[in-house]
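Let me begin by handing over the structure; questions about it come next.
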Amino acid sequence: MFGKYLLQVRDRHPMVHSITNFVTVNDVANAQLACGAGPCMADNPLEAADMTAIAQALNMNMGNPSGHVLEAMIAAGRRANELGHPVVFDPVAVGTTPYRNFVAENILRQVQVTTIKGNASEMRALMGLGGHTGGVDALDADKPNEDNLAAFTDQLKAFARRHQCVAAVSGPIDIVTDGQRAFAIRNGHPKMEEVTGTGCMLSGLVAAFLGASPDQPLEATAAAVAALGVAGQVAWTNLQPNEGNASYRNRLIDALNLLQADELDARLQCESY
Amino acid sequence: MFGKYLLQVRDRHPMVHSITNFVTVNDVANAQLACGAGPCMADNPLEAADMTAIAQALNMNMGNPSGHVLEAMIAAGRRANELGHPVVFDPVAVGTTPYRNFVAENILRQVQVTTIKGNASEMRALMGLGGHTGGVDALDADKPNEDNLAAFTDQLKAFARRHQCVAAVSGPIDIVTDGQRAFAIRNGHPKMEEVTGTGCMLSGLVAAFLGASPDQPLEATAAAVAALGVAGQVAWTNLQPNEGNASYRNRLIDALNLLQADELDARLQCESY
Amino acid sequence: MFGKYLLQVRDRHPMVHSITNFVTVNDVANAQLACGAGPCMADNPLEAADMTAIAQALNMNMGNPSGHVLEAMIAAGRRANELGHPVVFDPVAVGTTPYRNFVAENILRQVQVTTIKGNASEMRALMGLGGHTGGVDALDADKPNEDNLAAFTDQLKAFARRHQCVAAVSGPIDIVTDGQRAFAIRNGHPKMEEVTGTGCMLSGLVAAFLGASPDQPLEATAAAVAALGVAGQVAWTNLQPNEGNASYRNRLIDALNLLQADELDARLQCESY
């Protein structure tokens, strides 16, 4: 179902321009390379728009919106819009500080994004439903579960329609919607929460998949979500004795690197709504 | 003896706000996650104080004090002081450049720190005893050894009393003191010196342990020192054929992730003074 | 042939000051430590020149030339020139944006570099031969191969003479020349292209080797190129089942850490011109 979107990344080698944070940037780049994309990081406003112009997708992640990063994002985002390039926005820890809210509001007002990907607390904060006072990780109470899945999906669909984009929430159950259709994906592994940057890797992968399949943003976004989730399960299986979260991080990226399209399809646990 | 402080981190999941350097920030985050803490990095002065307000501890590391990092540290440090949050300061490479001395002096003048953690050369530079002209690593001549241990401990006690904080020096022998009592800890492994950022991981862990046990700063600091030291020994034992310093780094964080409180107590080599 | 230069790094432990990018900085530091060098990263213009003064070599990498990085590079580069310290310049992605061209031109005009190391597209852009419109990775059409090797080497020799430096181009065939003599090195492994930062590691290693053997810049540069290439081959051999690009990165640095001088000489595939 989604395997063909992974194949597109491997075939087309999209170059992805990321404006992202220093905490996880190396893992984002290696996760993109693992799938066949070409990472490029450039956050100086003096070149951000020019770099975007030669890329196939733009990934904006506000994990540490310092210095002139907001300025670079706006410049690159607007250029990407002019050129019709897909744009991913990861509103890391929105809702925790006034400055992050300011950054997120500015980006969403000035740039038309293709996909917004956040964890449950971030997406609830963006949707005006509260949530997220605990830093970069989602609060358990905010996460979609079997009980609130239908309601959460409806809220996310409305949000996607309002912003005319794909909205993706990551967590034990991932939800991806374009406002009309929705996928609920139940891959992934709890150990992923003990690795910094799995959320950043995901937005980086979404940009890679969108860069390779720009005409199917819903499916490309969902395929990236599924690919990381399956890789998380494979990585857990491959973990050796005495290995903990650092080795799990490597095995997660390794699993992306070795993931085959048919394996992705075979392991996929996805429902459509 | 110190195992219970590790349990506190695992039980309370303290959120730690780090203002740190781009070289080792990813390892700091994963080391904190390995122990059960929640890392959050935000070094923009426009949000640093707000981020600190929702964390349980603040970790300030001047490994690369660029841009507005000093401004962010002062803002966050003062807010942490107002809120009574523990504050860790890692004066990386103080003594090597006038600017680093300026940064360290400003922080110590404007912020009341809970724990100062440095290597031997850094702590000697802060104590006005010379030391440290060789970059980020401690010079062998500066390190505490069996011959100078008593004298070094006395100097460190006086420094801790002067700054009304816990002072910790890392090295082959780690010393931790609050000015009255002192611990000498002989865990750790020489291979740790071939990995960048073990010192940064340590200050990040000290902040995590202080965030979980803010009322016992001496013991919490010493427990973090001991935990990393024991993990360094376990990591060496777990190293496989053909593995070098990069794999050792992963196994170090893995060992923190799998470390049990009773194992920490059983392996601890600690004397009180 | 080149093993003795590796021994020099292990014996002399040169401190290397790097002004580099946040994407790969951690790997650069661990690769330098793997060989016995002491990494130090400091990109604040307020201290860059002072830090260079206590180092044995300077490594300038424009992977993400943001903030005041250019200012720091000029200040540090000029100080290094005054002190006679070797200087490495890695013109990452020059040719892709006007700003990168501006940065590279300024550095080459204001700083006398010892070695310029780039991939084929970057070096072609610097030589005014076009090339490099695809981001941070070299285009296949730009790379030296058996057919264009002689012509490429001649062009690189002319470039080295013009800049009075050593010029090194990395790729399936690496070429290193001081304008008179040239080495073609055929070590390395294709898997290296799936790891972000192997080029950055290489310029970091060149600086380490130059810091240990400043009087033989051609041989020291070629030895660093060969060391990383051999490590890339060893890492591939050491890769275990289910391991991909993330583990390969670790095994690459591990192989540097365990590389012996005689093994480097035995595996070397190098021709002189």
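Provide a single number: the residues in segment C:24-38 that are open to solvent by 10 Å² or more (accessible area, probe 1.4 Å) and at negative phi.
3
Would it be correct to say that residue A:37 is touching a strand residue (DSSP E or B) at 6+ places or on another chain (Cβ under 7 Å), in contact (Cβ under 8 Å) with a residue 12 or more places away in the chain and over 27 Å from residue B:19 (Cβ atoms)?
yes
Rundown of residues vs (1) aromatic (Phe, Trp, Tyr); (2) within 14 Å of chain C (Cβ to nearest Cβ); (3) under 30 Å from residue B:85 (Cα atoms); (4) open to solvent by 10 Å² or more (accessible area, probe 1.4 Å), yes/no style:
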position: B:244; (1), (2), (3), (4): no, yes, no, no
position: B:248; (1), (2), (3), (4): yes, yes, no, no
position: B:264; (1), (2), (3), (4): no, no, yes, no
position: B:267; (1), (2), (3), (4): no, no, no, yes
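Check residue C:69 against each of (1) free of Cβ contacts under 8 Å to residues at least 40 places away in the same chain; (2) in contact with an Asp or Glu (Cβ under 8 Å, 6 or more places away or on another chain) and name the one condition it does not meet.
Here residue C:69 clears every test but (1).
Still on this structure, I have one more. For segment C:32-44: of the residues being part of a helix (DSSP H, G or I) and more than 8 Å from chain B (Cβ to nearest Cβ), which is nearest to residue A:25 (Cα to Cα)?
C:32
Within segment C:246-273, track down each residue that is more than 30 Å from residue A:256 (Cβ to Cβ) and in contact with a Phe, Trp or Tyr (Cβ under 9 Å, 6 or more places away or on another chain).
C:261, C:264, C:265, C:268, C:270, C:271, C:272, C:273
A follow-up question, please. Of the conditions (1) among the polar types (S, T, N, Q); (2) within 14 Å of chain A (Cβ to nearest Cβ); (3) more than 30 Å from residue A:14 (Cβ to Cβ), residue C:121 fails just one. Which one is it?
(3) is the only condition that residue C:121 fails.
When you scan segment B:185-208, do you find a residue that is free of Cβ contacts under 8 Å to residues at least 24 places away in the same chain, away from every other protein chain (no Cβ under 14 Å) and open to solvent by 10 Å² or more (accessible area, probe 1.4 Å), even just one?
no
If you go through segment B:200-220 one residue at a time, do you hit one that is under 15 Å from the mean Cα position of the chain (by Cα) and within 27 Å of residue C:240 (Cβ to Cβ)?
Looking through segment B:200-220, at least one residue is under 15 Å from the mean Cα position of the chain (by Cα) and within 27 Å of residue C:240 (Cβ to Cβ).
Right, another one. Output the helices (runs of 4 or more DSSP H) that fall wholly within segment A:52-131 and possess 1 or more residues being within 14 Å of the chain's Cα centre (by Cα), or say none.
The qualifying helices (runs of 4 or more DSSP H) are A:120-126.
Restricting attention to segment A:214-223, does a residue exist that is within 15 Å of residue A:269 (Cβ to Cβ) and surrounded by 24 or more Cβ atoms within 10 Å (Cβ to Cβ)?
Yes - at least one qualifying residue is present in segment A:214-223.
Which condition breaks for residue A:239 when tested against (1) more than 14 Å from chain C (Cβ to nearest Cβ); (2) over 23 Å from residue A:37 (Cα atoms)?
(1)
Residues in segment B:68-79: is at least one open to solvent by less than 30 Å² (accessible area, probe 1.4 Å) and under 18 Å from residue B:197 (Cα atoms)?
No: segment B:68-79 contains no residue that is open to solvent by less than 30 Å² (accessible area, probe 1.4 Å) and under 18 Å from residue B:197 (Cα atoms).
Here is a further query. In segment A:141-161, how many are open to solvent by 60 Å² or more (accessible area, probe 1.4 Å) and closer than 26 Å to residue A:112 by Cα?
Adding up the residues that qualify gives 3.
So residue A:17 clears everything in (1) in a loop (DSSP other than H, G, I, E, B); (2) surrounded by 24 or more Cβ atoms within 10 Å (Cβ to Cβ) except one condition, right? Which one?
Status for residue A:17: all satisfied but (1).
Kindly establish whether residue C:29 is facing another protein chain (nearest Cβ under 9 Å), part of a helix (DSSP H, G or I) and farther than 13 Å from residue B:23 by Cβ.
no
Only one of (1) open to solvent by less than 30 Å² (accessible area, probe 1.4 Å); (2) of a type in the set (Asp, Glu); (3) at pLDDT below 85 fails for residue C:122. Which number is that?
Failed condition: (3).
Confirm whether residue C:112 is open to solvent by 10 Å² or more (accessible area, probe 1.4 Å), more than 14 Å from chain A (Cβ to nearest Cβ), touching a Cys at 6+ places or on another chain (Cβ under 8 Å) and in contact (Cβ under 8 Å) with a residue 40 or more places away in the chain.
yes
From the list B:235, B:231, pick out the single residue that is buried (at least 23 other Cβ atoms within 10 Å of the Cβ), in contact with a Phe, Trp or Tyr (Cβ under 7 Å, 6 or more places away or on another chain) and of a type outside the set (Lys, Arg).
B:235
Out of all the residues in segment B:1-14, which are over 22 Å from residue B:90 (Cβ atoms) and assigned to a helix (DSSP H, G or I)?
B:3, B:4, B:7, B:10, B:11, B:12, listed by residue number.
If you don't mind, another one. What residue, among those in segment C:45-64 that are free of Cβ contacts under 8 Å to residues at least 40 places away in the same chain and buried (at least 24 other Cβ atoms within 10 Å of the Cβ), is nearest to the other protein chains (Cβ to nearest Cβ)?
Checking each candidate, the answer is C:47.
The values are calculated or read from the model by the stated rules, or taken from the named source; none is laboratory data. All figures in this text were calculated on a predicted structure; none of them were measured in a lab. Glycine also receives a Cβ, built like all others from the backbone with ideal geometry; neighbour counts cover every protein chain displayed. Surface areas here come from the heavy atoms of the whole protein model, side chains and all, with no ligands, DNA or RNA. Shrake-Rupley method; radii C 1.70, N 1.55, O 1.52, S 1.80 Å.
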